[in-house]
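Enquirer: Please read through the structure below; I'll follow up with questions.
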Amino acid sequence: MTKGNSTAKPAAAGKDKEEFDLFWADQLADKIAKRDRFRYSDKKFSKPGTFVVKTSASISGVLHIGRLSDTVRGATVYRALVDAGEKARFIWVAEDMDPLRKIPAGVPASYEKYIGTAVSTLPDAEGCHKSYAEHHTDEYFKVLNEFVFEDMERFSMQEEYAKGNFSPFIKKLIENAGTIREIQNKQRTNPLKKDWMPWSPLCSSCGKIITTRISAVDEKTGVVSYVCKDYLFEATIAKGCGHKGEADPLNDPGKLVWKSEWAAQWARWQVSCEGAGKEYQVPNSAFWINAEICEKVLDFPSPEPIFYEHLTIEGVKMSASLGNVVYPRQWLEVASPQLLRFFYNKRLMTSRSFSWKELPLLYDEYDKAAAVYFGKAVVENEKEMKHTMRLYEISNRPGSKAIDVPSTLSFSHAAMVAQVFSDEKDIIGSLEKTGHYHREEHRQIMQRIKEARAWIGLHAPEEVKYVLQQEVSGEVRSKLLQLQVKALKTLAEKLKSKKWDEKELYNECYNIAKEAGIQPPEFFRAAYLVLLNKERGPKLAPFLLALGDRAVKLLQQI
């Protein structure tokens, strides 16, 4: 493993090929590069000059970090292809022709009238952008580059349809509507009717995209007749206006239905790989139906899927309508983008449940991986070590830039220091006493302190929040037993007597409790009462070392 350079190719850097074979994205990149046959026939295809990895997001709701998972994993496969020496492109598509299905939290209730309308044509609720879709896309991309280090090309389905880039695919799909019906009907209990078409017009009266029902097709001109009727989503109804109209699929506004549009996207951008949630693994899912349409109708090999678990917030699926979303900018307030990439790049089909209170634990896992990558820690299992190194490398910045050596300061310790000291000089002084400060890590250390302070203020559970006492109150004194007072006085003397390291002081605390004739939990409880006016607190030994003379002064007051 070449330290500090995430862009070295396996052969050039002398990396063990097995190291790459262990990581899911490298396995998938290898599969993509070696594949040469269609799925639904024995037909062969030539290796493309450039492999295209596609990611997309529906703009019908807000773009939260759950939506980022698809993009991050796509970027990881793109990086794996490049690291394997392949030419690749990474593209992002805004699904801004999708209809609004329900009202996200924070959007006015009056938007109920727009349910069923393409989000690209909705007005912006906040009035700062031309459309609802543009508002959410713009907000998303203000921070997206922080998470996606790779070059990424952007496309809009609304613009693609307007430019006519999908017209050839619309024509071919309509001409082969019978074949598409057969493909779909194999998986349907309620077969599609003979007059079904893979394209829906935009209602020329109310502007909705989901409510138009095609009633007839002119076989000579291809023009369709339609009626605008109510459409039932899972939890909402898109109200039709009753308008009867006509539309030309090759010239008038409209869109392909999803079980044809996805296939057209793959053929349009020559896609080799795309992500999808684990629910798309089943044979009757939209992914595999589109895969068959793509190959049998559009004569293009369907892409390799990246199937993954969805993100939940404390066990509940993240949803804009529920309001339990985490925005990318909120993540950046308290954590690094590399940490989110690390979180998503772990094994794909492992459930991901995020909780703000567990952020320190995620940072601990990330820091352990960093220690392995930079040779500061060893994992006995060689395969696990190689996997950990690759996971850390691919989750950090690629390209010509070196990977930063991270701070060795744990997030938990940073959160403790951030609550006790506000001045940078005091912070450094405290960290020097505990052995956590290294001059070459100054920038990383202060960034972690900043993130930890924000986490304490915004998301930390009450049990990790505390305020260092300025003096010992009478109330606290009344709660202390004489043996506890004796032990704490001894602790104060011991702290003044020499320079301690964390392990020594930890052991000494137990010795003091034993000599005073009290159980260790009672000793720790007394110390926390004096220092924090709480019965629990951070690990005592490092906390005492971080406080230095301030701890001694408080203990002496009793």
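Enquirer: If packing is taken as the average number of other Cβ atoms within 10 Å across a peptide's residues, how do 528-539, 355-366 rank, most packed first?
Expert: Details: 528-539: 18.7, 355-366: 16.7.
Sorting 528-539, 355-366 by mean packing, highest first, produces 528-539, 355-366.
Enquirer: Continuing with the same structure: I need to check one value: relative contact order of the chain, counting alpha carbon pairs closer than 8 Å and at least 6 residues apart, in percent.
Expert: On the way: 907 pairs, mean separation 76.6, N = 558.
With pairs under 8 Å counted, the relative contact order is 14 percent.
Enquirer: Which entries in the list K194/K229; K499/K553; K31/K87 go over 18 Å, if you measure between the two C-alpha atoms of each?
Expert: Table pairs above 18 Å Cα-Cα are K194/K229.
Enquirer: Under 18 Å Cα-Cα from K296, which lysines qualify once same-chain neighbours fewer than 8 residues away are excluded?
Expert: Here the lysines satisfying the reach criterion relative to K296 are K43, K44, K171, K172, K186, K259.
Enquirer: Further, regarding this structure: What is the spin-label model distance, in nm, from E508 to H129 if the labels are put 7 Å beyond Cα along the C-beta direction?
Expert: Here the modelled spin labels are 5.8 nm apart.
Enquirer: Can you work out ³J(HN,Hα) from phi for every residue in segment 98-114, in order, using Karplus 6.51 cos²θ - 1.76 cosθ + 1.60 and θ = phi - 60°, giving whole Hz and x for Gly and Pro?
Expert: Ordered by residue, 3J(HN,Hα) equals 5, x, 5, 9, 7, 8, x, 4, x, 9, x, 4, 4, 6, 4, 5, 8 Hz.
Enquirer: For segment 199-256, what's the relative contact order in percent, using C-alpha pairs closer than 8 Å and at least 6 residues apart? Please list the in-between numbers first.
Expert: Values: 116 pairs, mean separation 22.0, N = 58.
The normalised contact order for segment 199-256 reaches 38 percent.
Enquirer: Separation between the R536 and E522 pseudo-spin-labels, each 7 Å from Cα along Cα→Cβ, expressed in nm?
Expert: Going by the 7 Å Cα→Cβ label model, 2.1 nm.
Enquirer: Taking every DSSP beta bridge that has both residues in the chain, what percent is antiparallel when rounded to the nearest 5? Write out the running numbers ahead of the final one.
Expert: Details: 19 of 42 bridges.
If we restrict to bridges inside the chain, about 45 percent are antiparallel.
Enquirer: Then there's this: Around Q187, which amide H atoms from residues at least 5 apart in sequence, or from another chain, sit under 5 Å from its own amide H, with H modelled in the peptide plane?
Expert: Answer set, sorted by chain and number: none.
Enquirer: Provide the FRET efficiency to the nearest 0.05 for the K496-V282 pair, computing r from the beta carbons and using R0 = 56 Å.
Expert: Numbers: r = 68 Å, r/R0 = 1.21.
Efficiency, from the Cβ-Cβ distance: 0.25.
Enquirer: Using amide H atoms built 1.01 Å from N in the peptide plane, name the residues 5+ places from F307, or on other chains, whose amide H lies under 5 Å from its own.
Expert: Amide H neighbours of F307, under 5 Å, 5+ apart: A276.
Enquirer: Once the Cα atoms of the chain are picked out, what are the Rg and Dmax in Å?
Expert: Every Cα atom of the chain included, Rg and Dmax give 29.6, 100 Å.
Enquirer: Same structure, new question: How high is the relative contact order of segment 145-219, in percent, counting Cα pairs under 8 Å that sit 6 or more residues apart?
Expert: Numbers: 38 pairs, mean separation 13.6, N = 75.
That works out to 18 percent.
Enquirer: Looking at segment 35-164, what % of its DSSP beta bridges pair antiparallel, to the nearest 5? Walk me through the numbers before you get to the answer.
Expert: Values: 2 of 14 bridges.
Restricted to segment 35-164, the bridges split so that about 15 percent are antiparallel.
Enquirer: Same structure again: Would you please give the residues with an amide H less than 5 Å from that of F51, counting only those at least 5 places away or on a separate chain, with H modeled from the backbone geometry?
Expert: K87, A88, R89
Computed from the coordinates by the stated procedures, all read-outs in this text should not be read as laboratory data. Quick caveat, the model's predicted, so the values are computed rather than measured. Neighbour counts run over all protein chains shown; Cβ positions are idealised from the backbone, glycine included.
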